[in-house]
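Report on one structure; see the data block that follows.
The values are calculated or read from the model by the stated rules, or taken from the named source; none is laboratory data. These figures come from a predicted structure and were not determined experimentally. Don't worry about glycine lacking a Cβ; one is built from the backbone with ideal geometry, like all the others, and counts go over all protein chains shown. These area figures cover heavy atoms from the full protein model, side chains too; ligands, DNA and RNA do not enter into them. Shrake-Rupley method; radii C 1.70, N 1.55, O 1.52, S 1.80 Å.
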Amino acid sequence: MTTGGAAAEVRMVLGVARLGEADLRGWWSCHGLDRAGSFVLSRAFPRTAGPAGLELDMLSARRRHEDALARRSNALHLFSDGLPFRRWASAWLSEQKASSVADPIFDELARWEVSSGEASLREQAGEPEPGQVLADGLRLGQLKGSDLDDDDMLAAIARRLTAAYADLGDVFRAPYFDLAG
């Protein structure tokens, strides 16, 4: 499957993971697809450096979100276990490791600058909706457990979360939803 056929949610997770890298917004101190990371990873993993780099980005993003949100289990963010998006992206990256042809998204994301990355995320997710700043988080609202079983609702959640990252700037506040319950 190419990224043209990949779920929009996977593209958004990968884009946010890349935007947070050290050479762009620097929200997490990771170098998955930047020049330094590409240099190191291409020597260690010549065929799978791109997927490995984005996996490292997602791990760093997850940890940064958990720290910012005080490891609250009811805070649902793009990289949390409570939402399926990180798992979908991880599965897609695993498929890419087995593919004989690298997907173009790896080169596309590696070429990003801050402005092009944010513009791409806005194009995918739309304009951000206001949230409530609470400590190191940006609360976008509250979800019910039943919301997580609705595919249309999950797509809307992914778009709202992604749009928030495109508008954060250099000061990281982890966009999240509270899970009611």
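Against the 2.2 N^0.38 Å scaling, with N counting residues, where does the range 4-115 land? I'd like the Cα-based Rg ratio to two decimal places. Before the final figure, lay out each step's value.
On the way: Rg = 13.5 Å, N = 112, 2.2 N^0.38 = 13.2 Å.
Compactness ratio reported: 1.02.
Would you mind getting me the FRET efficiency between VAL171 and LEU148? Use the beta-carbon distance for r and R0 = 22 Å, nearest 0.05. Could the numbers behind the result be given before it?
Working: r = 29 Å, r/R0 = 1.31.
Working from the Cβ atoms, E equals 0.15.
Wrap a convex hull around the Cα atoms of the range 43-181, take a quarter of its surface area, and give that in square nanometres. If you can, show how the numbers build up before the last one.
Details: hull surface 36.4 nm².
The directionally averaged projection comes out at 9.1 nm².
Just want to confirm a number: the relative contact order over the chain, from Cα pairs under 8 angstrom separated by 6+ residues, in percent. Please list the in-between numbers first.
Details: 274 pairs, mean separation 48.4, N = 181.
After rounding, I find 27 percent.
Report the charge-dipole magnitude of the range 39-181 in Debye, nearest 20, computed about the Cα centre from +1 at each Lys and Arg Cβ and -1 at each Asp and Glu Cβ. Please list the in-between numbers first.
On the way: 17 positive and 23 negative charges, 112 e Å.
Charge dipole of the range 39-181: 540 debye, to the nearest 20.
Answer rounded, prolate or oblate for the range 124-180, using the Cα gyration tensor with square roots of eigenvalues a ≥ b ≥ c: rounded when a/c is under 1.5, else prolate when a/b is larger than b/c, else oblate. Present the calculation step by step, with values, prior to reporting the outcome.
Numbers: a/c = 2.89, a/b = 1.41, b/c = 2.06.
The shape class here is oblate.
What is the helix-to-structure angle for 35-44, meaning the angle in degrees between its Cα long axis and the longest Cα principal axis of the chain, kept from 0 to 90 and rounded to the nearest 10?
In the chain, helix 35-44 runs at an angle near 60 degrees to the longest axis.
Which three lengths, in whole Å and largest first, does the range 65-113 cover when its Cα atoms are put on their principal axes?
Between the extreme Cα coordinates on each principal axis of the range 65-113 lie 39, 27, 12 Å.
Of all the accessible heavy-atom surface of the range 142-181, with the other protein chains kept in place and a 1.4 Å probe, what percent is carbon and sulfur? Mind dumping the intermediate values first?
Numbers: 770 of 1860 Å².
Accessible surface attributable to carbon and sulfur in the range 142-181 totals 42 percent.
Relative to the longest principal axis of the chain, what angle (0 to 90°, nearest 10) does the C-alpha long axis of helix 114-125 take?
60 degrees
Determine, from the Cβ-Cβ distance of ALA44 and GLU95 and an R0 of 25 Å, the FRET efficiency 1/(1 + (r/R0)^6), rounded to the nearest 0.05. The partial results should precede the final answer.
Working: r = 20 Å, r/R0 = 0.81.
For ALA44 and GLU95, the calculated efficiency is 0.80.
Measure nothing but the geometry: give the 0 to 90° angle between the long axis through the Cα atoms of 85-98 and the longest principal axis through the Cα atoms of the chain, rounded to 10°.
With both axes taken from Cα atoms, the answer is about 10 degrees.
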